[in-house]
1. Compute the Cα gyration tensor for the stretch 119-231, then decide on rounded, prolate or oblate, letting a ≥ b ≥ c be the square roots of its eigenvalues: rounded whenever a/c is under 1.5, prolate when a/b is larger than b/c in the other cases, and oblate in all that remain.
2. Keeping the other protein chains in place, figure out the carbon and sulfur percent of the accessible area of the stretch 99-161, with a 1.4 Å probe.
3. Please work out the Cα center distance from the stretch 139-182 to the stretch 207-223, rounded to the nearest Å.
4. Apply the a/c threshold of 1.5 to the C-alpha gyration tensor of the chain and tell me whether it is rounded, prolate or oblate.
5. With a 10 Å cut-off between alpha carbons and a GNM built on the chain, which of Leu247, Leu159, Leu282 moves the most?
6. Hey, which aspartates and glutamates would be in cross-link range of Lys85, C-alpha to C-alpha under 12 Å, not counting anything within fewer than 8 residues on its own chain?
7. Using 0.36 nm times the number of residues separating Val237 and Val53, minus their current alpha carbon distance, what extension gain do you get?
8. So, taking all protein chains as they sit and a 1.4 Å probe, how much accessible area belongs to His256, in Å² rounded to tens?
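The values are calculated or read from the model by the stated rules, or taken from the named source; none is laboratory data. Not measured: the values here are computed from a predicted model. Here Cβ is always computed from backbone atoms with ideal geometry, including for glycine, and neighbour counts include all displayed protein chains. Areas reflect the complete protein model, heavy atoms only, side chains present, ligands, DNA and RNA absent. Shrake-Rupley method; radii C 1.70, N 1.55, O 1.52, S 1.80 Å.
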Amino acid sequence: MSEKFLASPYLELARIHKFPLGSSLLIWPSVWGLLLAAQNHQIDAKSLVLQHVWFALGSTVVYGAASVFNDIYDRDLDGKVGRTKNRPLATGSVSVFNASVLLAALTGTALYLLSYTNSTAFTWGLVGAFPFHALYPLMKRVTHWPQAWLGFAMNWGMLVAYLNNTGGQMDSHILVLLLGTVAWTVLYSTIYAFQDYQDNIKLGIKSTAVLFGEDNATRILYGFSLVFLASLYYAGVQNGQGTSFFLISFGGALLHILWQLGTWVVYDGDDSSSKFKANGDLGGIIWFGLLVDYCFKSGTVAA
């Protein structure tokens, strides 16, 4: 893509100019759900590849729609925060009407893509759109825990992908893992929120970063990380995952989080941005372990 095309304020509004940053954090849980389903349900390699593409596209569109809606809702606040003051709606380079048209187009596309899932997955997918994505912008105004609400929105695709490949069968360990991924989202979105820590305090914007404070955040986030890792391990055991999952997915996630929190400089906005972005790598590590497990199980890789 040309730089001029990527500089479009409409692409910026939907965060496409930063792809895969942000959208990858919806994509990874979705394809985790796909591969977790593949462990105990027959999914051929062609279908697996096509569904990876489909869920990646769908997650990107959903993230774009959620970003546009968030910016419409937050346009007055964004202009008062250093990191967001140059966003298209805050500067007026895109009108609210045009942003609403873009939102409608992205939402329609997301619903169209979702319609290709089975009826159970489709219904659960609608729940992900409303209330979780739709009400997220409101949360920072009413609770210090918007990051927890965001956790359901960001990881809901895991349930949709899982249900779409199990004939609508929901297993309890996937729900446990969903709660664990909420804890993971609290981890990375709290780190992200520290970029705006001073501005948020000044403007009265609520977040877990403000709630935890600079002195306590790292210690508290270790606790959320433990919840995430425990849920990942539990889901692996209950789902019958193999050695590759526990060595690569679980072991890799453990080491990544220890590095992440062990080196995070809470007071440094640039480091918070860097650590937030690194969670895309963490998602990829977990996916890779699941993929290797699938390859061994399906015979793609000789044992």
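1. Because a/c hits 1.5 or more and a/b fails to exceed b/c, the stretch 119-231 counts as oblate.
2. The nonpolar share, carbon plus sulfur, comes to 76 percent.
3. 22
4. It is oblate, given that a/c is not under 1.5 and a/b is not larger than b/c.
5. Leu247
6. Qualifying aspartates and glutamates at Cα under 12 Å: Asp71, Asp74, Asp76, Asp196, Asp199.
7. Residue separation times 0.36 nm, minus the Cα-Cα distance, leaves 63.5 nm.
8. About 20 Å², rounded to the nearest 10.
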